[in-house]
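Asker: What follows is a structure written as structure tokens; I'll ask about it next.
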Amino acid sequence: MMKRKIITSSFFLCMFVATSLAQEVDSLLNKVKDKAKEKLQISGTMGVTYEGYGLSRSPSGWTGYQPRRPWNQVRFDFKPTFNFSKNFSLPVNFNFAALPTNFAGPYAGISKPTFGQFITNPMNNFGLNPKYKWAELQLGTQYLNYSNLSTGDIGVFGIGFDLRPKDFLFKFFTGVSQQGIDFAAGPPSVTGAYKRKNWMAQIGTEKDGQYKFTLNFAKGKDEPASAAPPPVTVRPQEGIVISLVSDIYLEKGFYFKAEGAQSTFTKDVATPLTSSIRSLKPFIEAHTSTSTDYAAQASVGKKSQKFDIGVMVKYLGAGFQTVGYPFLQSDRLDYTLNTKINAWKNRMNIVASIGQRVNNVNNTALKAKQFIGNLNWFTQFNDKFGLNVNYNNFGFQAASGLNPFGIKNVSNDLGINPTFSFTGKKIIHILSMSYNYSKYDERDVITGLTTSNNTHTALVTYVPTYLENDISPDFSILYFYNDVPGAKITLATLSTALSMNAAKKKLKLRGQLQYTLGKLNSFSNSNNLVASCNVDLKIGKNLTWSTFLTTNYFKYGDEIVPNGASYVETTSRTGFQYRFDTKKQK
Amino acid sequence: MMKILFAAIAMFISVTGTAQLVSTLVVNAQPPAQLSEWGERREVLTLIVRGAGAIAGPFKVKTEIKTLDGTVIATSDLARTPVFTPNTTGTTILVANDVMPLEFMTFTGKYQKSLQRTGKLPADNYTLCTQPVNPVDYRIQGEQQCKNFYLATTQLPILMKPYNEEVLDGKKAQTAIIFRWSPVVPTQTSPVTYRLQVFEVLAYQNPVQAVRSNQPVLDKEILAATQFIWQPQLSFAPRESESEKLPTFVWTIQSLDKTGLPITQTDGSGEARSEPIIFFVNPDKTKKPKKEN
């Protein structure tokens, strides 16, 4: 309770400070303009937002529905770019939250972070990128995407540079992507993590729209002594990847892109050193848990206004692993053919892709294949009638292994969506209908029997658009039916929304109401009501106050115990945003 | 007197040096495919060695891995493997790191290549044989014990629906979103629990950052099924009307064994979490907002 009061007080204090600060900044900027007449230009935003969440469950003591947002959270955002001259700029990227809410990854479960853990927590960014001509200094949190096979997903807190003299590229960055976090059995349990240091570098040459050739290097290394007690499910690791990128763009929209990479990754640095596996000294020394494998991807195609076509092939060896993409699933070969067609004076758009994913390229696993096919075909026949058709297919098959039958799962989706519009003198009526059929077949690996899971969804939406009025309502009705052996789910939803401007367009309002009636087999109905509203108020030329409120009431039928259990959850979000907008002074 | 003493010592060494050892080998029928992981998990391999009616002396363990047709694909280098001295109770318990130290194992041909590239052997049935031998001249000191096991890498689920970067109709998504994924391969001996998590990607975040930072708006454990129908009970109104960025979500599956632990701990993130993919919700199909982050 005390904590909540402190957070709430802090928020209002912050809002007050933010408002005052915004005025101060305005005032300060005016002085700067008047007195110094320097060539300073500031763009970007800053703001502070409070989020509150509430959950009330009935009967008391029932825990069948868990909270899904932090009870209180304050987020700060400071992202101005200072342009001091034509050649010198300073982009700032500070956004951070008051309370950690990590559920997955190394920071999961942490509640009282140290300062080091706070600044390297992936929920916070503290980045400065001063840039002079072709030289950029990178300080603090940086998410650097060097290439698709080296590094790109992980934020690193550290220091580095990005130099681009003429057509050359020289990049280097080093820092910490995660701090050591002690394991705690709990409650609350903390997964724990080892401190990981990262290094990355890139050299190459690039000319926009013509070519790019780069050599990339990325390394990460855990410190085994950085967590005590150490994590239970994670071992200290070390890995490097070296990749070569070559992209070529030719005339008439033809392009060719390719990347080849080799990774050497040690899954547990506590395992003994070995000479039977090749080391890559001085970067990495082989342990018995080290593997060295390869990956490559290439795409070739043609892009134009009316027609795109491309082929993409991606291979990831079973032992390929990089610290720059921690969730990458290796041991696969993907190949897809993609096309996009704009025809009939852009009134017809077709987007399609077909391909296959093969797992177990290195034969260390059971062979598994996934067929992928997507089609989206939209046609605007005339001013009054448009039709969209889409079809998706995903098929997955794997060998039987020790079971009598192999895995075979096939998902098919077909959607048809006609839209009618009628224009009157003061109103445009838009009527959109949609039907979707989804079929999911799954084979039992013991009996060989296939069960079908069928889903039908029908939706009708009516949107009247007033030509002389700022009011925009919409109405919709939806029917959803899912049928699988042993369970039949029916959902029916009525929803309406209204948006409008007021106070000389300084105030934007939007409200939404949605009611869903649900039924599972022969159990009694469940009921769900969701109501929400957005209020955006423009306080000054550059200052906006945005508020979002929503409440969700759900009451079960007798499909769960206790019968008739219910919950109400509320989410509120309010915050100020200031937009920097100084005109360049001459 | 001294002669008698030397004779007694020589007799003792002779008896203990030639004493037969009785061993019992226990191997998990479906151990982890990553061989280096065997050492961390005591339940994978246990070798119990005890003397047969005499005081046992020091010994080494000769280890072989064979295919089912008897071809030897790996042997321990006895010159380098450790020497074990039976403890005072007469029974010695050894685990994978003792019996099959990878740094002292020599693999042949394609198996060596596979191990170097992937840390695993090709998916197949194998036999592991152990035999206690004299540490000096490698004379056999007990019967060979063999056990079969099956190796296949655990493949985590591949996320199927919503597919990567799919744009869902907000009016449909507010009632129900269907999630589908492929099952863990090979089929496990006990049912897998799939932990489905959906995270909202905030304006300043990239998808993986959202996974590693945010509280999930859906966190559901599903036992042995590969589909889930989610009633989001969310309002999908665009949060930032000026930027018109579509509400963006990232979803992933964590595969857990019957004890609630990640089903594989050495691949990828160590959390048995499938590669996350994103989907967008378009609350207003009459507009064409940007979907990029």
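Asker: When you look at A:Asn436, is it part of a strand (DSSP E or B) and within 9 Å of chain B (Cβ to nearest Cβ), yes or no? I'd like the intermediate steps shown before the answer.
Answerer: Details: part of a strand (DSSP E or B): yes; within 9 Å of chain B (Cβ to nearest Cβ): yes.
It is true that A:Asn436 is part of a strand (DSSP E or B) and within 9 Å of chain B (Cβ to nearest Cβ).
Conditions tested, residue by residue: (1) hydrophobic (A, V, I, L, M, F, W, C); (2) at pLDDT 90 or above; (3) outside any helix (DSSP H, G or I); (4) under 30 Å from the mean Cα position of the chain (by Cα).
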| position | (1), (2), (3), (4) |
| --- | --- |
| A:Ile6 | yes, no, no, no |
| A:Leu29 | yes, no, no, no |
| A:Val48 | yes, yes, yes, yes |
| A:Gly64 | no, yes, yes, yes |
| A:Asn95 | no, yes, yes, yes |
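Asker: For the stretch A:419-432, which positions are away from chain B (no Cβ under 11 Å) and either part of a strand (DSSP E or B) or of a type in the set (S, T, N, Q) (or both)?
Answerer: In the first step, residues of the stretch A:419-432 are kept if they are away from chain B (no Cβ under 11 Å); the result is A:420, A:422-427, A:429, A:431.
Scanning the stretch A:419-432 gives A:Phe420, A:Phe422, A:Thr423, A:Ile427, A:His429, A:Leu431.
Asker: Here is a further query. Give the stretch A:136-175 a look and list any residue that's touching a Ser or Thr at 6+ places or on another chain (Cβ under 8 Å) and in a loop (DSSP other than H, G, I, E, B), or say none.
Answerer: A:Leu144, A:Asn145, A:Tyr146, A:Ser147, A:Leu149, A:Ser150, A:Ile154, A:Asp167
Asker: Exactly one of these conditions fails for A:Ser276: (1) facing another protein chain (nearest Cβ under 10 Å); (2) touching a residue at least 40 places away in the same chain (Cβ under 8 Å); (3) touching a helix residue (DSSP H, G or I) at 6+ places or on another chain (Cβ under 8 Å). Give me its number.
Answerer: Of everything listed in (1) facing another protein chain (nearest Cβ under 10 Å); (2) touching a residue at least 40 places away in the same chain (Cβ under 8 Å); (3) touching a helix residue (DSSP H, G or I) at 6+ places or on another chain (Cβ under 8 Å), A:Ser276 misses just condition (2).
Asker: Follow-up. Please tell me if B:Leu246 is at pLDDT 65 or above, under 29 Å from the mean Cα position of the chain (by Cα) and not charged (D, E, K, R). Don't jump to the end; show me each part of the working.
Answerer: Values: at pLDDT 65 or above: yes; under 29 Å from the mean Cα position of the chain (by Cα): no; not charged (D, E, K, R): yes.
Considered against the rule, which asks whether it is at pLDDT 65 or above, under 29 Å from the mean Cα position of the chain (by Cα) and not charged (D, E, K, R), B:Leu246 comes out as no.
Asker: If you don't mind, there's one more thing I want to ask. Of all residues in the stretch A:101-133, which are in contact with a helix residue (DSSP H, G or I) (Cβ under 9 Å, 6 or more places away or on another chain) and buried (at least 20 other Cβ atoms within 10 Å of the Cβ)?
Answerer: A:Asn102, A:Ala104, A:Gly105, A:Pro106, A:Tyr107, A:Ile110, A:Asn121, A:Pro122, A:Met123, A:Asn124, A:Asn125
Asker: Condition first: surrounded by 19 or more Cβ atoms within 10 Å (Cβ to Cβ) and within 12 Å of chain B (Cβ to nearest Cβ). Can you find one or more residues in the stretch A:342-354 that meet it?
Answerer: Restricting attention to the stretch A:342-354, the residues satisfying the condition of being surrounded by 19 or more Cβ atoms within 10 Å (Cβ to Cβ) are none.
Within the stretch A:342-354, not a single residue is surrounded by 19 or more Cβ atoms within 10 Å (Cβ to Cβ) and within 12 Å of chain B (Cβ to nearest Cβ).
Asker: Another question, if that's okay. Could you list, in sequence order, the residues of the stretch B:182-209 that are closer than 24 Å to A:Asn360 by Cβ and either at the interface with chain A (Cβ under 8 Å from one of its Cβ atoms) or more than 27 Å from the chain's Cα centre (by Cα) (or both)?
Answerer: If the condition is that a residue be closer than 24 Å to A:Asn360 by Cβ and either at the interface with chain A (Cβ under 8 Å from one of its Cβ atoms) or more than 27 Å from the chain's Cα centre (by Cα) (or both), then B:Ser182, B:Pro183, B:Val185, B:Pro186, B:Thr187 are the ones that fit.
Asker: Mind counting the residues in the stretch A:530-586 that are acidic (Asp, Glu) and without any contact (Cβ under 8 Å) to a residue 40 or more places away in the chain?
Answerer: So the first thing to find is which residues in the stretch A:530-586 are acidic (Asp, Glu), and the list is A:536, A:558-559, A:569, A:581.
The next check asks that each one be without any contact (Cβ under 8 Å) to a residue 40 or more places away in the chain; those that pass are A:536, A:558-559.
Residues flagged as acidic (Asp, Glu) and without any contact (Cβ under 8 Å) to a residue 40 or more places away in the chain within the stretch A:530-586 amount to 3.
Asker: Of everything in the stretch B:72-95, what is touching a helix residue (DSSP H, G or I) at 6+ places or on another chain (Cβ under 8 Å) and either of a type in the set (Val, Ile, Thr) or under 21 Å from B:Glu43 (Cβ atoms) (or both)? Give them in sequence order.
Answerer: To start, the set of residues in the stretch B:72-95 that are touching a helix residue (DSSP H, G or I) at 6+ places or on another chain (Cβ under 8 Å) comprises B:73-74, B:76-77, B:80-82, B:84, B:95.
Result: B:Ile73, B:Thr81, B:Phe84, B:Val95.
Asker: State whether the residues of the stretch A:559-574 include one that is of a type in the set (Phe, Trp, Tyr) and more than 30 Å from A:Thr81 (Cβ to Cβ). Explain how you work it out, then say what you get.
Answerer: Of the stretch A:559-574, the ones of a type in the set (Phe, Trp, Tyr) are A:567.
Now drop any that are not more than 30 Å from A:Thr81 (Cβ to Cβ), which leaves A:567.
Yes, some residue in the stretch A:559-574 is of a type in the set (Phe, Trp, Tyr) and more than 30 Å from A:Thr81 (Cβ to Cβ).
Asker: Another question, then. If we keep just the residues of the stretch A:134-150 that are surrounded by fewer than 22 Cβ atoms within 10 Å (Cβ to Cβ) and in contact with a Lys or Arg (Cβ under 9 Å, 6 or more places away or on another chain), which is farthest from A:Pro91 (Cα to Cα)?
Answerer: The qualifying residue farthest from A:Pro91 (Cα to Cα) is A:Asn148.
Asker: For the list (1) over 20 Å from B:Asp137 (Cα atoms); (2) touching a residue at least 40 places away in the same chain (Cβ under 8 Å); (3) in contact with a Phe, Trp or Tyr (Cβ under 9 Å, 6 or more places away or on another chain); (4) of a type outside the set (Lys, Arg), I need the number of the one condition that B:Val61 fails.
Answerer: (1)
Table: residues versus (1) in a strand (DSSP E or B); (2) of a type outside the set (Val, Ile, Thr); (3) modelled with pLDDT under 95; (4) in contact with a Gly (Cβ under 7 Å, 6 or more places away or on another chain).
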{"residue": "A:Asn338", "(1), (2), (3), (4)": "yes, yes, no, yes"}
{"residue": "A:Ile341", "(1), (2), (3), (4)": "yes, no, no, no"}
{"residue": "A:Asn362", "(1), (2), (3), (4)": "no, yes, yes, yes"}
{"residue": "A:Asn374", "(1), (2), (3), (4)": "yes, yes, yes, no"}
{"residue": "A:Thr379", "(1), (2), (3), (4)": "yes, no, no, yes"}
{"residue": "A:Leu414", "(1), (2), (3), (4)": "yes, yes, no, no"}
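Asker: If you don't mind, another one. Just to be sure before I move on: is A:Tyr107 part of a loop (DSSP other than H, G, I, E, B), of a type in the set (Phe, Trp, Tyr) and either more than 28 Å from A:Gly319 (Cα to Cα) or within 13 Å of chain B (Cβ to nearest Cβ) (or both) in the structure I sent? Even if it seems obvious, please write down each step before you answer.
Answerer: Details: part of a loop (DSSP other than H, G, I, E, B): yes; of a type in the set (Phe, Trp, Tyr): yes; either more than 28 Å from A:Gly319 (Cα to Cα) or within 13 Å of chain B (Cβ to nearest Cβ) (or both): yes.
Criteria met by A:Tyr107.
Matching residues to (1) surrounded by fewer than 17 Cβ atoms within 10 Å (Cβ to Cβ); (2) closer than 28 Å to A:Ser546 by Cβ; (3) among the β-branched types (Val, Ile, Thr):
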{"residue": "A:Arg57", "(1), (2), (3)": "no, no, no"}
{"residue": "A:Ser60", "(1), (2), (3)": "yes, no, no"}
{"residue": "A:Gly64", "(1), (2), (3)": "yes, no, no"}
{"residue": "A:Pro67", "(1), (2), (3)": "yes, yes, no"}
{"residue": "A:Arg75", "(1), (2), (3)": "no, yes, no"}
{"residue": "A:Asn83", "(1), (2), (3)": "no, yes, no"}
{"residue": "A:Asn93", "(1), (2), (3)": "no, yes, no"}
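The values are calculated or read from the model by the stated rules, or taken from the named source; none is laboratory data. Remember, it's a predicted structure, so these values are computed and weren't measured experimentally. All Cβ positions, even for glycine, are placed from backbone atoms using ideal geometry, and neighbour counts span all protein chains on display.
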